[in-house]
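Structure first, then comments.
The values are calculated or read from the model by the stated rules, or taken from the named source; none is laboratory data. Model, not experiment: these values are computed from the prediction. Every residue, glycine as well, gets a Cβ built from its backbone with ideal geometry; the counts of neighbours run over all protein chains shown. Ligands, DNA and RNA are stripped out before the accessible areas are found, and what is left, the full protein with its side chains, is counted by its heavy atoms. Shrake-Rupley method; radii C 1.70, N 1.55, O 1.52, S 1.80 Å.
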Amino acid sequence: MTDAVVPVPGGPTVRVEPVPRRGYSTAWWGMATVIATESMIFIGLLSTYFFLRATASEWPLGGLELPELKYTSIFSVVLIGSSIPVIFGERAIEKGHVGALKVALGLAWLMGAAFLYRTVIDFRELHFGWRDNAYGSIYYTTIGLHALHVLGGLAISAVVQIKVWLGRVDREHHISVDVFALYWHFVDVVWIFVFSSLILSPHLGR
Amino acid sequence: MAVTDDPALAPAPDPHELQEGWGEEAPGIPGFFSTVDHKRIGKRYIYTSFLFFFFAGIVALIMRIQLARPENHFLSPTTYNEFFTMHGTTMIFLFNTPVLAGFGNYFVPLMLGTRDMAFPRMNAFSYWIFLLSGAFIFAAFLLGHSPDGGWFAYTPLTTKAFSPGINMDFWGLGVVLVGISTTVGAINFIVTTFKMRAPGMTLNRMPIFVWSMLVFSFMAIFAVPAVTLAAALLELDRLFGTTFFNPTFGGSTLLYQHLFWFWGHPEVYILFVPATGMISMIIPVFARRALSGYHWVVTALVVVAFMSFGVWVHHMFATGIPPLALSFFSGVSLLITIPSGVQFFSWISTMWHGVVRFTTPMLFAIGFLLIFLLGGITGVMVAVTPFDWQATDSYFVVAHFHYVLNGAVVFPIFGALYYWLPKITGNMLSERLGKLSFWIMFIGFNVAFFPMHILGFLGMPRRIYTYPSGLGWDAINMIISVFSFVFAIGVLLTLVNFVWSNLRPHPAGPNPWGADSLEWATSSPPPEYNFAAIPVVSGRHPLWDQHPLATAVPGDDVVTPSLTPRGTMERETPFTEGLSGDPEALMHIPHETYVPFVAAVGILVLFCGLLVKAVLVGALGLLVGLVGIVWWAWKTGE
């Protein structure tokens with residue numbers, strides 16, 4: 001047993017060889033864990049949706065209108081499609097192409113904004129409110145929470161884009177691009193589940 | 001990891017030079033609000049949560065005065081409801097969870113051999129959110145609008161129709177707030193554990209307490225969202241008129257229970273797992289041998305974490321669940337005794353093969369074993385559905401969960417106080433007073449809580465503010481009340497011990513217990529940079545096996561100098577590869593900043609706005625929160 005405090009003067013020393021960096025940054029891992037916990041919120045909301053639906057006599061409850069399918073589908077493709085420029089942007093900055101990254105992030109931002117705009121229109125055109133019944137409550141809550149995530153993503157994207165335009169991002173230094181990309185893909189993947197459960201599935205089997 | 005011996009000898013760094021390079025902490029009030037040092041934050045977590053512990057304990061004593069005699073009018077029914085709600089809410093959300101996070105905050109970086117957490121500013125943020133959420137819930141108590149729907153806040157009792165006041169809104173919003181704090185803290189522990197270990201510390205060599213905090217964190221990030229959602233949906237119902245829990249409009253009251261207990265049962269293990277981690281650190285040191293079956297214990301922790309997500313319905317056996325579901329959840333609840341048993345036998349075997357020193361921390365550990373055994377056995381009993389139908393909502397259940405949450409979590413925490421406070425304050429606690437405190441607590445606890453089992457069998461229901469005489473409950477209730485005060489005296493003695501140890505300091509030295517893990521390889525209390533040079537680990541028990549600990553020499557690369565005193569002077573610490581613990585990159589430890597505090601206050605403002613439905617206040621809070629997010633994205637180093 002030793003009582004000494006490191007480094008022990010005159011104590012042994014070793015040479016430690018560092019390994020090349022293989023994994024992701026801590027910021028990336030931080031975002032990955034945020035996503036894990038956020039996923040649970042959405043899993044909880046979708047479970048709530050199916051719990052309420054399973055105990056309901058009709059769905060949507062109280063003879064409410066079915067979710068709008070045509071425009072929502074089109075804009076869903078736009079939102080999920082916005083991951084494609086983000087992927088291109090990630091690849092571009094790995095090779096040091098800052099110009100391509102600017103275009104890619106700008107395009108993805110516009111696609112996300114278009115989707116958000118469509119969500120606002122959808123909410124305006126609905127003939128029911130969140131107070132009407134449990135269907136209205138879960139519809140507004142789930143889709144509204146996802147829209148808030150899109151909004152947050154647009155805000156992060158704006159900051160990242162400013163950093164890119166100011167020249168703070170290059171081939172070796174692009175952690176915030178990676179972190180934003182991860183978050184944006186998450187927002188898109190969540191929408192696949194929310195869309196299939198809330199928008200698409202009530203139309204099936206009719 | 002490639003390690004070669006180097007003929008050079010470790011230098012003796014000059015402490016003044018180290019401190020100058022690291023930078024002095026701002027003194028006084030500015031330093032108080034801006035610090036990002038994990039040790040100061042950890043200490044605050046521990047001290048703040050103990051304040052809540054004392055408050056909730058006093059509330060419990062007042063309830064016991066009310067229950068000491070039949071048909072007592074010491075407390076009104078309303079006050080009693082408020083008190084038991086505050087007692088449960090405070091103990092679970094504001095004491096047990098944060099005190100464990102506090103020990104984790106202080107000791108995980110020290111045990112891993114690094115200079116701070118992975119996200120020091122987030123760490124400060126999670127503390128401020130915890131403090132403010134506590135203040136938020138306490139504001140309700142002080143304003144006379146204390147939550148009164150139970151710490152579990154079951155609907156429909158807690159919906160607007162049946163709890164019209166602002167009381168339960170404090171609970172719902174406060175729970176969402178404290179959930180943010182727990183989640184942020186958990187994220188920090190996960191990334192710190194995987195990315196910031198001393199060279200040579202593979203996962204296989206991590207101290208069990210670090211393992212337990214890792215498991216705690218993974219459980220927290222998957223379980224806490226459920227209670228956040230339960231409380232958030234409850235608040236949407238109460239504040240904005242949604243109908244999630246209103247059956248008239250297609251909602252479901254049972255839905256609330258599912259969401260709540262999907263968090264609620266893992267939460268029991270979220271608390272229990274770090275407590276067992278503490279025990280697994282204390283027992284080997286005082287049995288003077290390595291923990292038996294290290295791999296078994298780690299596996300048990302991970303298995304418990306998985307299983308704990310499959311037992312929540314055993315809190316709902318009496319709600320009319322289909323029989324198949326009853327069988328499943330009953331089965332998993334019985335199965336979870338196996339990994340718990342593995343840990344139990346590992347502790348017994350460690351003591352059996354060792355030479356036990358009966359110090360105060362060890363007494364608390366052994367006391368824990370006995371209490372946990374009883375709490376575990378009653379746990380098996382209530383896991384059996386037919387038994388549960390008889391015992392549910394009776395004092396038997398109160399006895400069971402106090403044996404588990406008070407006995408099997410608070411006793412390890414007290415053991416941990418006696419074991420680790422010398423490291424935190426630099427002063428030893430009195431052994432004589434400590435042992436006295438233990439025996440009074442142990443006797444007080446058992447005589448206070450064991451008779452509750454019997455009360456349950458005699459039919460006394462939970463949550464009642466009084467009872468008629470002549471049911472055979474009178475004498476038992478009086479005994480319980482008297483001994484709950486005995487327990488409190490035991491707790492008080494530890495407080496006296498703590499104060500005394502600071503008035504009449506008894507310097508502890510770096511390693512007073514002859515322990516094996518890295519937190520004892522630095523002075524007590526540790527300097528702000530933890531380790532002037534980061535030790536190089538070659539086994540599971542560095543301080544037992546390496547005489548003395550080796551340190552690294554700086555290489556030609558950019559990373560390895562941070563392992564040496566040069567890293568301290570540059571305010572750097574290495575990032576390591578997740579599995580092996582090989583250094584691969586550098587972290588610059590951020591300086592003090594007010595931003596975490598400001599962001600936390602912003603979020604509190606938002607919640608106050610929601611509480612009174614003031615749109616402007618809410619919008620202002622949202623704005624501050626958004627600015628915080630933008631600021632963080634801006635500051636993320638490339």
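Under the definition of Cα pairs under 8 Å and six or more residues apart, what whole-number percent is the relative contact order of chain B? The partial results should precede the final answer.
Working: 1071 pairs, mean separation 120.7, N = 638.
Reported as a whole number, the value is 19 percent.
Please calculate the 1.4 Å probe accessible area of B:Phe364, with all protein chains present, and give it to the nearest 10 Å².
Accessible area, nearest 10 Å²: 0 Å².
With point charges of +1 on the Cβ of Lys and Arg and -1 on the Cβ of Asp and Glu, referenced to the Cα centre of the protein assembly as shown, which listed residue (B:Ala416, B:Thr114, B:Tyr465) lies farthest in the positive direction of the dipole?
Ranked along the dipole, the leading option is B:Tyr465.
Quote the accessible area belonging to A:Leu145 in square angstrom, nearest 10, computed with a 1.4 Å probe and with ligands, DNA and RNA left uncounted.
50
Tell me the carbon and sulfur percent of the accessible area for segment A:1-90, rounded to whole percent, probe radius 1.4 Å.
Working: 2870 of 4230 Å².
That fraction is 68 percent.
Give me the residues in segment A:121-157 whose solvent-accessible area, probe 1.4 Å, is reduced by at least 50 Å² once all protein chains are included instead of the chain isolated.
Buried by the other chains: A:Arg131.
Working only with C-alpha atoms, what are the Rg and Dmax values of segment A:28-204, expressed in angstrom?
Cα radius of gyration and Dmax of segment A:28-204 are 18.0, 58 Å respectively.
Please give the helix A:175-194 orientation as an angle from the longest Cα principal axis of chain A, in degrees from 0 to 90, rounded to the nearest 10.
30
Against the longest principal axis of chain B, how steep is helix B:77-89, in degrees 0 to 90 to the nearest 10, with axes from Cα atoms?
For B:77-89 against chain B, the angle is about 30 degrees.
Fully extended, how many nm does the chain gain between A:Arg22 and A:Ile87 (0.36 nm per residue separation, minus their Cα-Cα distance)?
Going from the current span to full extension adds 21.4 nm.
Relative to a virtual label point 7 Å from the Cα of A:His127 in the Cα→beta-carbon direction, which members of segment A:56-95 show backbone nitrogen distances below 17 Å?
A:59-70
Place a +1 charge on the Cβ of each Lys and Arg in the protein assembly as shown and a -1 charge on the Cβ of each Asp and Glu, then give the dipole magnitude about the Cα centre in debye, rounded to the nearest 20.
Working: 42 positive and 48 negative charges, 182 e Å.
Its charge dipole is roughly 880 debye.
Report A:Val5's accessible area, 1.4 Å probe, all protein chains in place, as a number in Å² to the nearest 10.
Surface open to solvent at A:Val5 totals about 50 Å².
Taking all pairs of different Cα atoms in the protein assembly as shown, averaging 1/r and flipping that mean, what Kirkwood radius in angstroms comes out?
Numbers: mean 1/r = 0.0352 Å⁻¹.
After inverting the mean inverse Cα-Cα distance, the result is 28.4 Å.
Would you list B:Tyr154, A:Tyr183, B:Tyr403 from the most to the least accessible area, probe 1.4 Å?
On the way: B:Tyr154 50, A:Tyr183 25, B:Tyr403 0 Å².
Ranked list, largest accessible area first: B:Tyr154, A:Tyr183, B:Tyr403.
At 222 nm, what helix-only mean residue ellipticity would the protein assembly as shown give, in deg cm²/dmol to the nearest 500, using -39500 (n - 2.57) for each DSSP H run of four or more?
Values: 28 runs with 532 residues, N = 844.
Value at 222 nm, helices only, nearest 500: -21500 deg cm²/dmol.
Let's see if you can work this out: charge +1 on each Lys and Arg Cβ, -1 on each Asp and Glu Cβ, no other charges. What is the dipole magnitude of segment A:28-204 about its Cα centre, in debye to the nearest 20? Before the final figure, lay out the partial values.
Numbers: 11 positive and 13 negative charges, 70 e Å.
The dipole of segment A:28-204 has a size of about 340 debye.
Say R0 is 45 Å: what FRET efficiency, to the nearest 0.05, do A:Lys70 and B:Phe74 get from their beta-carbon distance? Present the calculation step by step, with values, prior to reporting the outcome.
Values: r = 67 Å, r/R0 = 1.48.
The computed FRET efficiency comes out at 0.10.
Where does helix A:134-165 land angle-wise versus the long Cα axis of chain A, in degrees 0 to 90, nearest 10?
40
Taking only protein heavy atoms and a 1.4 Å probe, what accessible area per residue, in Å², does the protein assembly as shown have with all protein chains in place? Each step should come with its number before you reach the end.
Numbers: 31650 Å² over 844 residues.
Accessible area per residue, the protein assembly as shown: 37 Å².
List nothing, just return the count: lysine pairs in chain B, 8 or more apart or interchain, with Cα separation under 27 Å.
Within chain B, the lysine pair count is 11.
Under a Cβ-only charge scheme (Lys and Arg +1, Asp and Glu -1), can you give me the dipole magnitude of segment B:26-146 about the Cα centre, in debye to the nearest 20?
Details: 8 positive and 4 negative charges, 67 e Å.
Approximately 320 debye in magnitude.
Kirkwood Rh, chain B, all Cα pairs: how many Å? List each step's numbers first, then the result.
Values: mean 1/r = 0.0390 Å⁻¹.
In chain B this quantity evaluates to 25.6 Å.
Of all trypsin sites (Lys or Arg not before Pro) in segment A:1-103, which ones are in loop regions per DSSP and have a Cβ with at most 15 other Cβ atoms within 10 Å?
On the way: sites: A:Arg15, A:Arg21, A:Arg22, A:Arg53, A:Lys70, A:Arg91, A:Lys95, A:Lys102; in loops: A:Arg21, A:Arg22, A:Lys95.
Loop-located and lightly packed - A:Arg21, A:Arg22, A:Lys95.
Chains B and A: how much accessible area gets covered up at their contact, both sides added, probe 1.4 Å, in Å² to the nearest hundred? Present the calculation step by step, with values, prior to reporting the outcome.
Working: alone 25100 and 12520 Å², together 31650 Å².
Approximately 6000 Å², summed over both chains.
Suppose each label sits 7 Å from its Cα in the direction of the beta carbon; what would the B:Ile464-B:Ala318 distance come out to in nanometres?
Distance between label points: 1.2 nm.
For Cα pairs less than 8 Å apart in space and 6+ apart in sequence, what is the mean separation divided by the residue count of segment A:28-204, i.e. the relative contact order in percent?
Working: 156 pairs, mean separation 63.0, N = 177.
Contact order relative to length: 36 percent.
Please name the residues of segment B:581-603 whose accessible area, counted over protein heavy atoms with a 1.4 angstrom probe, falls by no less than 10 Å² between the chain alone and the full protein assembly.
Flagged in segment B:581-603: B:Asp582, B:Pro583, B:Glu584, B:Ala585.
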